[in-house]
Amino acid sequence: MSTPEPSDETALTIFGHRVRSLREEQGLSLRRFAEKTGIHRAHLSQIELGRVNVTLDTLLCLADTLDIEVSQLLRPLDTRRELYVASRKNLPQ
């Protein structure tokens with residue numbers, strides 16, 4: 001199975017990759033991250049795999065635990081949004 005192109009990834013997958021990347025940059029294991037956030041390790045794993053959506057409370061908790069702004073978690077989605085907006089402009093009205 002090949003790795004999908006970024007444009008083929010869902011917003012949840014992109015977000016999950018971002019969470020995992022930031023967690024790993026800080027040297028946190030999934031277990032330690034779960035302890036710090038108070039979010040079950042299995043749920044965090046599902047978030048990082050892009051299999052579940054997150055609530056606003058979870059988003060805020062992740063950002064707080066990683067000591068970053070919420071916008072830093074969402075930044076990779078800006079490109080995805082731009083692609084979506086561009087594709088919508090080409091649709092018949």
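The values are calculated or read from the model by the stated rules, or taken from the named source; none is laboratory data. Predicted model only: the values in this text are computed from it and were never measured. Ideal geometry is used to build each Cβ from the backbone, glycine not excepted, and the neighbour counts take in all protein chains shown.
Some observations on this one:
- Filter pass, GLU24 being surrounded by fewer than 18 Cβ atoms within 10 Å (Cβ to Cβ) and charged (D, E, K, R): yes
- One residue from GLU35, GLU9 being among the acidic types (Asp, Glu), modelled with pLDDT of 85 or more and either surrounded by 10 or more Cβ atoms within 10 Å (Cβ to Cβ) or touching a helix residue (DSSP H, G or I) at 6+ places or on another chain (Cβ under 8 Å) (or both): GLU35
- Subset tally (residues that are among the hydrophobic types (A, V, I, L, M, F, W, C), without any contact (Cβ under 8 Å) to a residue 40 or more places away in the chain and surrounded by fewer than 16 Cβ atoms within 10 Å (Cβ to Cβ)) for region 60-78: 2
- Residues (outside any helix (DSSP H, G or I) and at pLDDT below 95) located in region 57-93: ARG75, ASN90, LEU91, PRO92, GLN93
- Taking the criterion of being in contact (Cβ under 8 Å) with a residue 12 or more places away in the chain and among the hydrophobic types (A, V, I, L, M, F, W, C), the residues of region 9-47 that qualify are ALA11, LEU12, ILE14, PHE15, VAL19, LEU22, LEU30, PHE33, ILE39, LEU44, ILE47.
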